[in-house]
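Visitor: I have a structure here, written as C-alpha cells, and I will follow up with some questions on it.
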Amino acid sequence: MRARNLPTPLDGVDVVCVDLDGVIYRGSAEIQYAVESLVRVAESRHLAYITNNASRTDENVAEKLTNFGLPTRAEDVVTSPQAAVRLLAEHVPFGSLVLVVGGAGLTVELERAGYSITRKASDNPAVVVQGFAPEVGWIDLAEASVALQGGIPWIATNTDWTLPVAHGIAPGNGTLVAAVHTAVGRLPIVAGKPETPIFNEAVSRFSAVSPLFIGDRLDTDIVGANRAGMRSAFVLTGVDRPKHLLAAGTDSRPHFILRDLRELHESYPSTEWAKGQRIARVRTARVALVGQCVTIVNRGDSPTDLLRAACALIWNSGQPIYGLDVPAELYEEA
C-alpha cells in the first residue's frame with residue numbers, strides 16, 4: 001500500500017491544499033465535521049484551497065468559506081481560471097481577444113490579466129477558453145465550436161464530468177467540453193485538475209515544500225495530486241464512493257483514506273501483511289485473498305479500517321477488480 005507510516009496524515013506537511021465541492025460543502029450545505037477540522041489545521045499550517053469550479057471568483061470563494069467559519073483571503077484560493085490564464089501566455093500574445101464560454105469566475109480573471117473578451121465567433125478571437133457556469137447554453141457551445149474550426153487554441157479550465165450539488169450529482173464542465181469536442185474533433189489543453197498547472201500554481205504561490213492535497217474525486221483530485229508529486233488524502237464525503245476506491249488504478253490511489261476530515265488529526269494506521277501478502281490487516285480489521293475471492297476475516301472496530309485493508313489487499317494483488325469476487329459489504333462501508 002502507498003500510505004506512509006505517519007502518526008497522522010498531517011505530519012511533515014507545511015501546506016494543506018483542499019478541494020471545495022464534496023470536501024467542505026455540497027451546494028450551500030456544509031459537510032459535517034469539515035469546517036471544525038480545517039480550523040484546527042489552520043492553527044499550525046497554511047491552509048489553501050484549490051478548485052476546478054470556474055463559475056466563481058476567488059473573492060466569491062473566500063467569502064463563502066468565511067461565512068462557513070473558515071476565515072479566508074482571496075489569495076488563499078487557487079482556481080482553474082487562474083491556471084488557465086497562466087496557460088494563455090504560452091499560446092497567444094498578451095491582450096489577445098478571447099472567446100469565453102463560462103461565467104464571472106472566468107471573465108474576471110481574464111480581464112485582470114489584460115485580455116479582451118468576446119462571446120462571438122464572428123469577432124475572430126485568437127483563442128477559446130471554456131469553463132463551467134450554470135448559465136452556459138447551446139448558443140455558447142455553438143459559438144465556441146465555430147471559432148475552433150479555424151484552428152485556434154482551445155483551453156478548458158477543467159474536464160470534470162460531474163459536480164456535486166445540494167440534491168445530487170449534476171453534469172460538470174467535462175460534459176460541456178465533450179459537446180464541443182464532438183463538433184470540432186479535437187481536445188482542449190486543460191488547466192485544472194487532474195493536469196498539473198493548477199497544482200504548480202499552488203506550490204509556487206504558497207512556497208510549499210511538503211504539501212498535502214485533500215479531495216473527494218479519484219480521477220481529478222487524486223490523479224492530479226499524484227502527477228504533481230503531492231501526497232494525497234481521499235475523503236469519502238463527495239462524489240466517489242468505496243467501490244471507486246477499491247477499483248482505483250495505480251495513478252489514482254491516495255496515500256490516505258479518510259471517512260471525514262476529523263481523521264486528519266487521528267493516527268493513521270499502517271497495513272500489516274501475513275501469509276505471503278494474502279492477508280491484509282489494518283488494526284483489528286482483516287481481509288484475505290483466497291483464490292480469486294476477497295474475504296472479510298474480521299470486520300474490526302472501524303469501517304474505515306476495513307476499507308483501508310480491502311484497498312491494500314486488492315491494490316497489492318496486481319489483479320484488476322473485475323477479476324476478483326469482492327463482497328458487496330465492502331462497497332457499503334464508510
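The values are calculated or read from the model by the stated rules, or taken from the named source; none is laboratory data. Bear in mind the structure is a predicted one, so any value in this text is a computation, not a measurement. Here the Cβ is made from the backbone with ideal geometry for all residues, glycine too, and neighbour counts use every protein chain on show.
Visitor: Could you look through the range 48-61, keep only residues that are of a type in the set (D, E, K, R) and in a helix (DSSP H, G or I), and pick out the one that is nearest to Val101 (Cα to Cα)? Quick ask: steps written out before the conclusion?
Guide: The initial filter retains those residues of the range 48-61 that are of a type in the set (D, E, K, R), namely 56, 58-59.
When the remaining residues are screened for being in a helix (DSSP H, G or I), the result is 58-59.
Numbers: Asp58: 18, Glu59: 20 Å.
Among those residues, the one meeting the criterion is Asp58.
Visitor: Right, Arg278: more than 28 Å from the chain's Cα centre (by Cα), not assigned by TED's automatic domain parsing to the domain that holds Asp216 and not β-branched (Val, Ile, Thr) or not? So that I can check it myself, show each step before the final result.
Guide: On the way: more than 28 Å from the chain's Cα centre (by Cα): yes; not assigned by TED's automatic domain parsing to the domain that holds Asp216: yes; not β-branched (Val, Ile, Thr): yes.
Considered against the rule, which asks whether it is more than 28 Å from the chain's Cα centre (by Cα), not assigned by TED's automatic domain parsing to the domain that holds Asp216 and not β-branched (Val, Ile, Thr), Arg278 comes out as yes.
Visitor: Which condition does Ala280 not pass, out of (1) out of contact with any helix residue (DSSP H, G or I) (no Cβ under 6 Å at 6 or more places or on another chain); (2) closer than 27 Å to Arg227 by Cβ, if it passes all the others?
Guide: (1)
Visitor: Tally the residues that are in contact with a helix residue (DSSP H, G or I) (Cβ under 6 Å, 6 or more places away or on another chain) and buried (at least 18 other Cβ atoms within 10 Å of the Cβ), restricting the search to the range 173-183. Walk me through it before giving the result.
Guide: Step one: list which residues in the range 173-183 are in contact with a helix residue (DSSP H, G or I) (Cβ under 6 Å, 6 or more places away or on another chain), which gives 179-180, 183.
With buried (at least 18 other Cβ atoms within 10 Å of the Cβ) added as a condition, the list becomes 180.
Total satisfying the criteria: 1.
Visitor: Any idea how many residues of the range 302-334 are surrounded by fewer than 20 Cβ atoms within 10 Å (Cβ to Cβ), in contact with a helix residue (DSSP H, G or I) (Cβ under 9 Å, 6 or more places away or on another chain) and among the charged types (D, E, K, R)?
Guide: 2
Visitor: Is it the case that Leu163 is touching a residue at least 40 places away in the same chain (Cβ under 8 Å) and either within 18 Å of Leu99 (Cα to Cα) or outside the structural domain of Val101 (by TED's automatic domain parsing) (or both)? Give the derivation first.
Guide: On the way: touching a residue at least 40 places away in the same chain (Cβ under 8 Å): yes; either within 18 Å of Leu99 (Cα to Cα) or outside the structural domain of Val101 (by TED's automatic domain parsing) (or both): no.
Taking the combined requirement at face value, the residue does not satisfy it.
Visitor: Could you run through the range 45-95 and say how many residues are among the small types (Gly, Ala, Ser) and closer than 13 Å to Asn158 by Cα?
Guide: Residues that pass the stated criteria total 5.
Visitor: Please find, among Arg227, Arg283, Arg299, Arg217, the residue that is surrounded by 14 or more Cβ atoms within 10 Å (Cβ to Cβ), on the phi > 0 side of the Ramachandran plot and not assigned by TED's automatic domain parsing to the domain that holds Asp160. Even if it seems obvious, please write down each step before you answer.
Guide: Values: Arg227 fails: on the phi > 0 side of the Ramachandran plot; Arg299 fails: on the phi > 0 side of the Ramachandran plot; Arg217 fails: on the phi > 0 side of the Ramachandran plot.
Only one candidate passes the filter, namely Arg283.
Visitor: With in contact with a strand residue (DSSP E or B) (Cβ under 6 Å, 6 or more places away or on another chain) and farther than 30 Å from Gly151 by Cβ as the only criterion, which of Gly215, Gly229, Gly238, Gly249 stands out?
Guide: Gly238
Visitor: Go through the range 292-322 and give me each residue that's in contact (Cβ under 8 Å) with a residue 12 or more places away in the chain, small (Gly, Ala, Ser) and in a loop (DSSP other than H, G, I, E, B).
Guide: Across the range 292-322, the qualifying residues are Gly300, Ser302.
Visitor: Only one residue in Ala104, Ala126 is in the same structural domain as Ala170 (by TED's automatic domain parsing), at pLDDT below 95 and farther than 17 Å from Thr182 by Cβ. Which one?
Guide: Numbers: Ala126 fails: at pLDDT below 95.
Criteria check complete, one pass: Ala104.
Visitor: Same structure again: Working only within the range 62-75, note down all residues that are surrounded by fewer than 22 Cβ atoms within 10 Å (Cβ to Cβ), assigned to a helix (DSSP H, G or I) and in contact (Cβ under 8 Å) with a residue 12 or more places away in the chain.
Guide: Residues satisfying the conditions are Ala62, Lys64, Phe68, Ala74, Glu75.
Visitor: Now for a separate question. Check off (1) in contact with a helix residue (DSSP H, G or I) (Cβ under 6 Å, 6 or more places away or on another chain); (2) surrounded by fewer than 17 Cβ atoms within 10 Å (Cβ to Cβ) for Glu36 and give me the number that stays unchecked.
Guide: It fails just one condition, (1).
Visitor: What are the residues in the range 11-47 that are in contact with a strand residue (DSSP E or B) (Cβ under 9 Å, 6 or more places away or on another chain) and either part of a loop (DSSP other than H, G, I, E, B) or without any contact (Cβ under 8 Å) to a residue 12 or more places away in the chain (or both), if any?
Guide: Gly12, Val13, Asp14, Asp19, Leu20, Gly22, Val23, Ile24, Gly27, Ile31, Arg45, listed by residue number.
Visitor: Something else: In the range 76-92, what count of residues is obtained for those that are out of contact with any Asp or Glu (no Cβ under 6 Å at 6 or more places or on another chain) and outside any loop (DSSP other than H, G, I, E, B)? Before the answer, list the steps.
Guide: Within the range 76-92, the subset out of contact with any Asp or Glu (no Cβ under 6 Å at 6 or more places or on another chain) is 76, 80, 84, 86-92.
Subset that is outside any loop (DSSP other than H, G, I, E, B): 76, 80, 84, 86-88.
Here the count works out to 6.
Visitor: Going by what's in this entry, would Ile139 be described as modelled with pLDDT of 95 or more, surrounded by fewer than 24 Cβ atoms within 10 Å (Cβ to Cβ) and of a type in the set (A, V, I, L, M, F, W, C)?
Guide: On the way: modelled with pLDDT of 95 or more: yes; surrounded by fewer than 24 Cβ atoms within 10 Å (Cβ to Cβ): yes; of a type in the set (A, V, I, L, M, F, W, C): yes.
It is true that Ile139 is modelled with pLDDT of 95 or more, surrounded by fewer than 24 Cβ atoms within 10 Å (Cβ to Cβ) and of a type in the set (A, V, I, L, M, F, W, C).
Visitor: If we scan the range 93-106, do we find a residue that is among the aromatic types (Phe, Trp, Tyr) and touching an Asp or Glu at 6+ places or on another chain (Cβ under 7 Å)? Please lay out each step first, then the result.
Guide: Here is the first cut: in the range 93-106, the ones among the aromatic types (Phe, Trp, Tyr) are 94.
Now narrow it down to the ones that are touching an Asp or Glu at 6+ places or on another chain (Cβ under 7 Å): none.
Taking every residue of the range 93-106 in turn, none turns out to be among the aromatic types (Phe, Trp, Tyr) and touching an Asp or Glu at 6+ places or on another chain (Cβ under 7 Å).
Visitor: Are there strands (runs of 3 or more DSSP E) fully within the range 168-272 with at least 2 residues that are touching a residue at least 60 places away in the same chain (Cβ under 8 Å) and under 22 Å from Val39 (Cβ atoms)? List them.
Guide: On the way: elements: 168-171, 211-215, 231-235, 256-258.
Answer list for the range 168-272: 211-215, 231-235, 256-258.
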